[in-house]
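Have a look at the structure below, then the notes.
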Amino acid sequence: MSRSKIVAGNWKMNKTLNEGIEFIQVLKESMPELNHTKVVVGMPFIHLASASTHLNGKFSIAAQNCHHEIQGAFTGEISAARIQSTGAEYVILGHSERRQYFKETDELILKKLRSALDQGLTPIFCCGEPLDIREDDSHVAYVNEQMENSIFQLSNEEIRKIIIAYEPIWAIGTGKTASSAQAQEMHKEIRISLADNFTLAIANDIHILYGGSCSPANAEELFSQEDVDGGLIGGASLKTSDFLELIRIAESIH
Ligand code: PEP
């Protein structure tokens, strides 16, 4: 079976409006012809509406969070319905920074997943273990529990629409990447759990991205693993040259 690759950027809380739009313009002009790779750029809410006016079918845009209610008196929050109205098609949910700094629980993330799906957005669901859990060798059980409490509660129809990003927390923004063997091991475990909870066909169709200090220097080896379908990229998504190189690598591996 052959799944396409996905290269998804996550700018986090970086770039002014002008810097973001400049990036999008360069990306649009420089994007190579792609036959096997999907490109998504995750950006702050402020960029979404302007960035969507530059879309040309070669890439899509993502928000990095949403509120679980559709609308109402939630000052300062942005719902999936509002994101959808900008032209964005994706939303990153359950990122470890949201879990850590904003105390997002699996249960809250499940509400957000359902809301995003109801509004026609594709969630990029993040999971991954902290360093002590990895050192204790209980990373598989930890990630399974994160999934059990959230995405495994979805229906067969809903789960087909999500993308999973495995992001070991000890590798995010640290320059320390999981080895390709560590990434493959966990991605395979995730796929086995998907097959156990849904169907083998669903497990084989779902894209599982790797995230954690992924860069042009290590992407080829990571993206070549059987169950690694691309990457969720933080730091290396901020520079167009690095991001374009990651896209070229993904496209060349198919
Ligand atoms: C991320 O935050 O999703 C991420 C993978 O960051 P970095 O690539 O910088 O480790």
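Is there a pair in LYS58/LYS103; LYS15/LYS58; LYS28/LYS188; LYS15/LYS188 whose C-alpha atoms are over 30 Å apart, and which pairs would that be? Let's see the in-between values first.
Numbers: LYS58/LYS103 35 Å; LYS15/LYS58 21 Å; LYS28/LYS188 34 Å; LYS15/LYS188 35 Å.
From LYS58/LYS103; LYS15/LYS58; LYS28/LYS188; LYS15/LYS188, over 30 Å: LYS58/LYS103; LYS28/LYS188; LYS15/LYS188.
Skip the ligands, DNA and RNA, and give the accessible area per residue of the chain with a 1.4 Å probe, whole Å². Present the calculation step by step, with values, prior to reporting the outcome.
On the way: 11140 Å² over 254 residues.
Value returned for the chain: 44 Å² of accessible area per residue.
Given a 1.4 Å probe and the protein chains all in place, what does the accessible area of LEU55 round to, in Å² to the nearest 10?
Accessible area, nearest 10 Å²: 50 Å².
Could you tell me which of rounded, prolate or oblate describes the chain, using a ≥ b ≥ c as the square roots of the eigenvalues of the alpha-carbon gyration tensor, with rounded for a/c under 1.5 and, failing that, prolate when a/b is larger than b/c and oblate otherwise?
Values: a/c = 1.43, a/b = 1.09, b/c = 1.31.
Rounded, since a/c falls under 1.5.
Put +1 on the Cβ of every Lys and Arg and -1 on every Asp and Glu Cβ in region 1-87; which of GLY76, MET31, GLY20 then has its Cα farthest towards the positive end of the dipole?
MET31
Give the carbon-plus-sulfur fraction of the accessible surface of region 5-253 in %, rounded to a whole number; probe 1.4 Å, heavy atoms of protein chains only.
Reported share for carbon and sulfur atoms: 48 percent.
If Lys and Arg each add +1 and Asp and Glu each add -1, what is the summed charge of the other residues whose beta carbon sits under 10 Å from the beta carbon of SER79?
Details: positive: ARG82, LYS112; negative: GLU69, GLU77.
With Lys, Arg at +1 and Asp, Glu at -1, the net is 0.
Count the net charge of all other residues whose Cβ sits under 15 Å from the Cβ of LYS239, scoring Lys and Arg as +1 and Asp and Glu as -1. Write out the running numbers ahead of the final one.
Values: positive: LYS12, LYS15, ARG248; negative: GLU19, GLU22, ASP242, GLU245.
In short, -1.
If each of ASN156 and SER179 carries a label point 7 Å out from its Cα toward its Cβ, how far apart are those two points in nm?
Label-label distance for ASN156 and SER179, simple model: 3.9 nm.
At what distance in angstrom do the alpha carbon centres of region 183-254 and region 111-152 lie from each other?
Here the two parts' Cα centres lie 16 Å apart.
Work through the residues other than ASN149 whose Cβ is under 11 Å from its Cβ and net out their charges, Lys, Arg +1 and Asp, Glu -1. Walk me through the numbers before you get to the answer.
Values: positive: none; negative: ASP106, GLU107, GLU145, GLU148.
Net of charged neighbours comes to -4.
With all protein chains present, calculate the accessible area of ASP136 using a 1.4 Å probe and round the result to the nearest 10 Å².
Ignoring ligands and nucleic acids, ASP136 comes out at about 110 Å².
Compare the peptides 86-92, 234-240, 6-12, 27-33 by average per-residue count of other Cβ atoms within 10 angstrom and give them in order, highest first. The partial results should precede the final answer.
Working: 86-92: 21.9, 234-240: 19.0, 6-12: 24.1, 27-33: 13.0.
Result, highest mean first: 6-12, 86-92, 234-240, 27-33.
At 0.36 nm per residue, minus the direct Cα-Cα distance, what do ILE46 and GLU69 gain on full extension? Give it in nm, one decimal, please. Before the final figure, lay out each step's value.
Working: separation 23, 0.36 × 23 = 8.28 nm, distance 1.98 nm.
That pair, ILE46 and GLU69, stretches by 6.3 nm at full extension.
The values are calculated or read from the model by the stated rules, or taken from the named source; none is laboratory data. Everything numeric in this text was worked out from a predicted model, so none of it was measured. Neighbour counts run over all protein chains shown; Cβ positions are idealised from the backbone, glycine included. Surface accessibility is based on the protein's heavy atoms, side chains included, excluding ligands, DNA and RNA. Shrake-Rupley method; radii C 1.70, N 1.55, O 1.52, S 1.80 Å.
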